[in-house]
Amino acid sequence: MQDLDAIRELLLKPQTVLITTHQNPDADALGSSLGLAGYLKKRGHRVTVVTPTDYPENLTWMHGNEEVIAFEEKKRVEVSQLIEQADSIFCLDFSALNRIRQLEPMVRQSRAKKVLIDHHLEPEAFADYVYWDSSAAATAELIFRLIDQLGDKHLIDVAMGECLYAGLMTDTGSFRHASTTGYVHRVAAELLDIGVEVNPIHRRIYDNISIEKLRFLGYILAEKLVVVPEYRFAYITITEAELKRFRSKAGDTEGMVNYALSVEGVVMAAILIDRGDEIKLSFRSVGEFSVRDLASRHFSGGGHRNAAGGRTALSLRDTEEQLLNVLPLYHEQLLETV
Ligand SMILES: [Mn+2]
């Protein structure tokens, strides 16, 4: 679904653009936002990037970071004015407006033209124009493709390229997920050709872990990782007290679930985190097994086939029990997964 001509038309006239992305932005969310911002500025538009929440420290190197406005209560007036004044709002890397939290009502009410650029399944019908492809590995890939299709690939510079490369690298798990197509590699190659250096980006994002976070991970792997071999399933539960004890910050639990998935023989993994007001679940799987189906059927969630999320209003223990109780429904599928 790609309203390319409408987007081309929209961008003919210089205007005030607001770019936003999902809460707790990851490298694809922020990288595609800043990559697009760089492009739109070159096209003569006034651009502001607003995120619904803050994001981890290891993303703040991205070009344009200093101009990002991360929503917090004291910025409500400023942000609502920006949204009101925008001629168009680009919504990146999310498919449902509830992913932008406090910004949702403001964006919904805004008269700006809304453009959705995303690769998540089943986009909500809130946007005037969409540039959406669930087979894309990252929104950064779509930003590259959009700029290319608009005939402006030559406008992508190293600073923008680094942002897009970061999104591509992280959403593909460093080019190892099944979503990594030939096109993904070609995009990466083109970014390298214009001067993007891969190693510094990799180091800034991955080899930039605080000692507290690393010790937290050590504790989780030693004490909290449970393997259920009969279902080829592994999972982690994290209590509020543990988050506190390790002074866990936003993003610190990011990626932990992948360790569970890396256990020999395991084809599905989950992490259950007590966030106080709700239990957040994050799922990973390999091959054909769809954690998206499981998350949407049992945990009010959604996502991709191999990476999905969900939530409950239960206690951590009851959520864990519910998860273990649904496993038998998937027994055969789990055993068959290759
Ligand atoms: Mn993404």
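The values are calculated or read from the model by the stated rules, or taken from the named source; none is laboratory data. This one's a predicted model, so the numbers in the text were calculated from it and none came from an experiment. Using ideal geometry, Cβ is built from the backbone for each residue, glycine included, and neighbour counts are taken over all protein chains shown.
Which residues, counting only those in region 66-88, are within 27 Å of residue 9 (Cβ to Cβ) and hydroxyl-bearing (Ser, Thr, Tyr)? Once the filter is applied, which keeps residues that are within 27 Å of residue 9 (Cβ to Cβ) and hydroxyl-bearing (Ser, Thr, Tyr), region 66-88 yields only 88.
Only one residue in 68, 77, 115 is under 23 Å from residue 27 (Cβ atoms), out of contact with any helix residue (DSSP H, G or I) (no Cβ under 7 Å at 6 or more places or on another chain) and at pLDDT 95 or above. Which one?
Criteria check complete, one pass: 68.
Every listed requirement among (1) more than 14 Å from the chain's Cα centre (by Cα); (2) surrounded by fewer than 18 Cβ atoms within 10 Å (Cβ to Cβ); (3) under 23 Å from residue 1 (Cα atoms); (4) within 16 Å of the ligand (Cβ to nearest atom) is met by residue 134 save one, (1). Here 269, 295, 313 are screened, and the one residue that is in contact with a Leu (Cβ under 6 Å, 6 or more places away or on another chain), at pLDDT 95 or above, within 23 Å of residue 24 (Cα to Cα) and not hydroxyl-bearing (Ser, Thr, Tyr) is 269.
Could you please give the count of residues in region 193-213 that are part of a helix (DSSP H, G or I), within 22 Å of the chain's Cα centre (by Cα) and aliphatic (A, V, I, L, M)? Looking only at that region, the number is 3. Flag: residue 22 does not match the condition of being surrounded by fewer than 19 Cβ atoms within 10 Å (Cβ to Cβ), closer than 30 Å to residue 211 by Cα and not β-branched (Val, Ile, Thr). Inspect region 206-225 for any residue being within 16 Å of the ligand (Cβ to nearest atom), farther than 30 Å from residue 3 by Cβ and surrounded by 14 or more Cβ atoms within 10 Å (Cβ to Cβ) and give the result as yes or no. Checked region 206-225: no residue is within 16 Å of the ligand (Cβ to nearest atom), farther than 30 Å from residue 3 by Cβ and surrounded by 14 or more Cβ atoms within 10 Å (Cβ to Cβ). Scanning region 137-159 for residues that are basic (Lys, Arg) and surrounded by 15 or more Cβ atoms within 10 Å (Cβ to Cβ) yields one hit, 145. Could you grab me the full set of residues in region 14-41 that are of a type in the set (Gly, Ala, Ser) and within 16 Å of the ligand (Cβ to nearest atom)? Residues satisfying the conditions are 27, 29, 31, 32, 33, 35.
Residues in region 137-165 that are within 11 Å of the ligand (Cβ to nearest atom) and among the small types (Gly, Ala, Ser): 137, 138, 140.
If the condition is being in contact (Cβ under 8 Å) with a residue 24 or more places away in the chain, within 16 Å of residue 261 (Cβ to Cβ) and not polar (S, T, N, Q), then region 172-192 contributes 173, 177, 178. Filtering 121, 116 for residues that are surrounded by fewer than 20 Cβ atoms within 10 Å (Cβ to Cβ), in contact (Cβ under 8 Å) with a residue 12 or more places away in the chain and within 16 Å of the ligand (Cβ to nearest atom) leaves a single hit, 121. Only residues that are without any contact (Cβ under 8 Å) to a residue 40 or more places away in the chain, farther than 21 Å from residue 176 by Cα and either in contact with a Ser or Thr (Cβ under 9 Å, 6 or more places away or on another chain) or buried (at least 19 other Cβ atoms within 10 Å of the Cβ) (or both) were counted across region 274-295, and they come to 4.
Does residue 251 satisfy the condition of being touching a Pro at 6+ places or on another chain (Cβ under 9 Å) and closer than 24 Å to residue 328 by Cα? When the stated conditions are applied, residue 251 does not pass them. Could you list, in sequence order, the residues of region 296-328 that are without any contact (Cβ under 8 Å) to a residue 12 or more places away in the chain and of a type in the set (Asp, Glu)? Scanning region 296-328 gives 318, 321.
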